[in-house]
Structures are given as C-alpha cells and as structure tokens.
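Reading through the structure tokens given below for one structure.
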Amino acid sequence: GGPIMVTQTRARHILIKLSQVMTDERARSRLEQLRERIRHGEEFADLARSYSEDPSAPQGGDLGWLSPGETVPAFEQAMDALSIGEVSAPVRSPFGWHLIQVEERREQDMSDELRRLQARQSLFEQYAGPAFDDWLAQVRGQAYIENRLDPAASSRNVRRRP
C-alpha cells in the first residue's frame, strides 16, 4: 500500500542506425564528431534535430521521463552512469549507435501506475482466457481431419466400384 519510489531520468539522444552504407565504424565516428561539436558549444537538441534517425528527432531527441527498464540495457547503463548535463561517449544498442545527454533526474511515486497496470492485467486475464477458449472451440469446430494412418479408418473410406 505505501509509495513506490522510482528514480526517473529525463534524457535526450541522437541515434544513428546501421545499414549497408552506415557501418559500425562510420556511425561511431559520426557520433564522435557530433560529441566534439557539443563540447565546442553547439546545442545537443539542434544536432539531434539534424542528425538523429529516431522519431524523437523533431523534439531535439527528447525521450521524456524514463523509468528503469524502459530502455534496452546498454542504453540504460550508459544513461545511469551520466551526471546531469553530461553527454555520453557513443553507445551501441540493438537499434544502432547513440549519444545520450541526461537533462535531469527525479524521484517519482509509481504506486498509482503500478495499480493501473495490475488492474489492466487483471481485466486482460478475466476476458482474454474465455475469448481464447471461444476462438479455439470455433477453430476446432471448423477443422476437418481425415486419419489416413489408421487402417480401420482408411478401409471405411475406401470406395468400391459398382
């Protein structure tokens, strides 16, 4: 019943996806160049808008508030190691290569969200089970199976010439 406190991180990122043309080496090198530009005063958000291949690019790479477990482990570990305002070295994930910048952190009570998820799960279990059983019964009712391996069954199905 009490509060469930979670540390959330507000972060931005720049994603370079891998392809036939964009190799691991080229993606990492491009992000190193962007990181240098940020060190020399360019805005992370502006570079994200221009270079990121993520849907968050128009928002300057802003990912909003992230709770633990919402991102892939490689990304989360790199993000958690950063101080506020710090920009990561290039980070490899299953999605490609990232530069990550932590904007801020907060402690958030997630008990309401947990109760909402539990209610959703309970409703899903309550309705999904019977719906699945109905669907399965319908599929079984429409199925036709002819057993050709059982000799007794096959002899009954043999047509004789008149």
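Filtered by the rule that a residue be within 19 Å of the chain's Cα centre (by Cα) and either closer than 20 Å to Glu70 by Cα or free of Cβ contacts under 8 Å to residues at least 40 places away in the same chain (or both), the stretch 1-18 gives Gln8, Thr9, Arg10, Ala11, Arg12, His13, Ile14, Leu15, Ile16, Lys17. Just wondering, is there one or more residues in the stretch 87-110 that are at pLDDT 90 or above, basic (Lys, Arg) and over 30 Å from Val21 (Cβ atoms)? Within the stretch 87-110, one or more residues are at pLDDT 90 or above, basic (Lys, Arg) and over 30 Å from Val21 (Cβ atoms).
Restricting the search to the stretch 81-97, which residues are open to solvent by less than 60 Å² (accessible area, probe 1.4 Å) and of a type outside the set (Ser, Thr, Tyr)? Listed by number, the residues that qualify are Leu82, Gly85, Val87, Ala89, Pro90, Val91, Gly96, Trp97.
Note on the stretch 35-80: among residues that are among the acidic types (Asp, Glu) and more than 27 Å from Asp109 (Cβ to Cβ), the one that is most open to solvent (accessible area, probe 1.4 Å) is Glu43. The residue of the stretch 5-31 that is most open to solvent (accessible area, probe 1.4 Å), among those that are of a type in the set (D, E, K, R) and touching a strand residue (DSSP E or B) at 6+ places or on another chain (Cβ under 9 Å), is Arg26.
For the stretch 113-122, the candidate set comprises residues that are without any contact (Cβ under 8 Å) to a residue 40 or more places away in the chain and open to solvent by less than 90 Å² (accessible area, probe 1.4 Å); within that set, the residue that is farthest from Val6 (Cα to Cα) is Ser122.
The values are calculated or read from the model by the stated rules, or taken from the named source; none is laboratory data. Worth saying up front: this structure is predicted, and the values here are computed from it rather than measured. Don't worry about glycine lacking a Cβ; one is built from the backbone with ideal geometry, like all the others, and counts go over all protein chains shown. Areas reflect the complete protein model, heavy atoms only, side chains present, ligands, DNA and RNA absent. Shrake-Rupley method; radii C 1.70, N 1.55, O 1.52, S 1.80 Å.
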